[in-house]
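Colleague: Below is the structure I would like to discuss, written out as C-alpha cells.
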Amino acid sequence: MGSRSMKPRRKFSFSRACAQTGRGAGRSPFSRLAQRLARKSDGAAAVEFAIIAAPFFALLFAIFETTIVFFSGQALETGVANAARMIRTGQVQAQGLTEQQFRDLVCANQPTMANCSSRLRVDVRTFPNFGAVNLPPPLDAEGNLANNFVYQPGAASDVVIVRVFYDWDLLIPDPITGLSNMNGSKRLIAAGAAFRNEPF
C-alpha cells in the first residue's frame, strides 16, 4: 500500500464555530425588526437638534451680549470718573481741552465700544449750586438721542454735571434680552459724575 499524504488537521475553535453557525441563529424576529428600526432612526437626533438649535444659540448669544453690555457700562463709569477728575482739578480748563479731546479721554479705556470717539455723546453742564441743577432727558419723544448736549467745564468752585451716552447696537432681538431702551433695537449706556470744582 502506498503511503497517503496526511493533511494537517485544523484545530477546533469554539468561538469561530459560534460565529459561523450563530450569525442568524438565536435572534427573534422582533429583535431583528428593532435593529432595522434603530438603523432607520439614526437621523432623529439631527432633526431634534435642528429644532432646538436656533433658540439654544439665541439664548447663548443673549447671555454673552448681556454680559458685554453690563461690562461696558462699568468700564464707561470708570472712564467718566477719571476724565471728570481732570475737570474738577482744573486740568481740562488749564490745557484748554476741547469736547473731542475730553471724549477721547473717556474712550481711552473702552475696548468693547466700537467707534467710541465718534459715537459717544458728552454733556457737561455748569451750575452755581446743586439746587439749580436741571438736566434735560437724553432721549427725544421718538426714543432717539437728543441733540441738546453742551460742553461747559466751568470755572473754580462751580458745580459741574458730566454725563456721557453711548448707543449700543444690539445683536439679539429685544424680546429675548429685554435690553433695548431706545429706538432701533439699541441700548443706551450712560454714565455720569456730579461734583464741585476745586478752587484752582
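Colleague: Binning at 10 angstrom from zero up to the longest distance, how are the C-alpha pair distances of region 38-193 distributed in percent?
Modeller: Each 10 Å bin holds this share of Cα pairs: 10, 32, 27, 14, 8, 5, 3, 1, 0.
Colleague: How large is the Rg to Rh ratio of region 102-147 when both quantities use alpha carbon positions and Rh follows Kirkwood?
Modeller: A ratio of 1.06.
Colleague: Which residues' amide hydrogens lie under 5 Å from the amide hydrogen of TRP168, considering only partners 5 or more residues apart or on another chain, with H built in the peptide plane?
Modeller: Amide H neighbours of TRP168, under 5 Å, 5+ apart: ARG187, LEU188, ILE189.
Colleague: Put +1 on the Cβ of each Lys and Arg and -1 on the Cβ of each Asp and Glu in region 44-196; which of GLN74, PRO137, PHE127 then has its Cα farthest toward the positive end of the dipole?
Modeller: PHE127
Colleague: In addition: Going 7 Å from the Cα of ARG85 along its beta-carbon direction, which residues of region 172-200 have the amide nitrogen within less than 19 Å of the resulting point?
Modeller: Backbone N within reach: 191-200.
Colleague: Shifting gears a bit: Quick one: 3J(HN,Hα) in Hz for region 105-118, Karplus 6.51/-1.76/1.60 with θ = phi - 60°, rounded, Gly and Pro as x.
Modeller: 4, 5, 7, 4, 10, 10, x, 9, 9, 6, 6, 4, 5, 9
Colleague: With unit charges on the beta carbons (Lys and Arg positive, Asp and Glu negative) and the dipole taken about the Cα centre of region 44-196, which residue among MET113, ASN183, LEU60 sits farthest to the positive side?
Modeller: Of MET113, ASN183, LEU60, it is MET113.
Colleague: About the Cα centre of region 44-196, how large is the charge dipole given +1 on each Lys and Arg Cβ and -1 on each Asp and Glu Cβ? Please answer in debye to the nearest 20.
Modeller: Approximately 540 debye in magnitude.
Colleague: Would you pull out the residues with amide H under 5 Å of ASN183's amide H, same chain only if 5 or more places away, H placed 1.01 Å from N?
Modeller: So ASN183 has HN proximity to ASN144.
Colleague: Size of the dipole of region 138-200 about the Cα centre, Lys and Arg at +1 and Asp and Glu at -1 on the beta carbon, nothing else charged, in debye to 20?
Modeller: Here the size comes out at about 140 debye.
Colleague: Multiply the residue separation of PHE49 and GLN101 by 0.36 nm, subtract the distance between their alpha-carbon atoms, and state the gained length in nm to one decimal.
Modeller: The span from PHE49 to GLN101 would gain 13.6 nm if fully extended.
Colleague: For region 175-188, what does the Karplus curve 6.51 cos²θ - 1.76 cosθ + 1.60, with θ = phi - 60°, yield as ³J(HN,Hα) per residue in whole Hz, taken in order and with x for Gly and Pro?
Modeller: x, 7, 9, x, 8, 5, 10, 8, 5, x, 6, 10, 10, 7
Values quoted throughout were computed directly from the atomic coordinates according to the rules given, and no laboratory measurement underlies them. All values derive from a computational prediction rather than experimental measurement. Don't worry about glycine lacking a Cβ; one is built from the backbone with ideal geometry, like all the others, and counts go over all protein chains shown.
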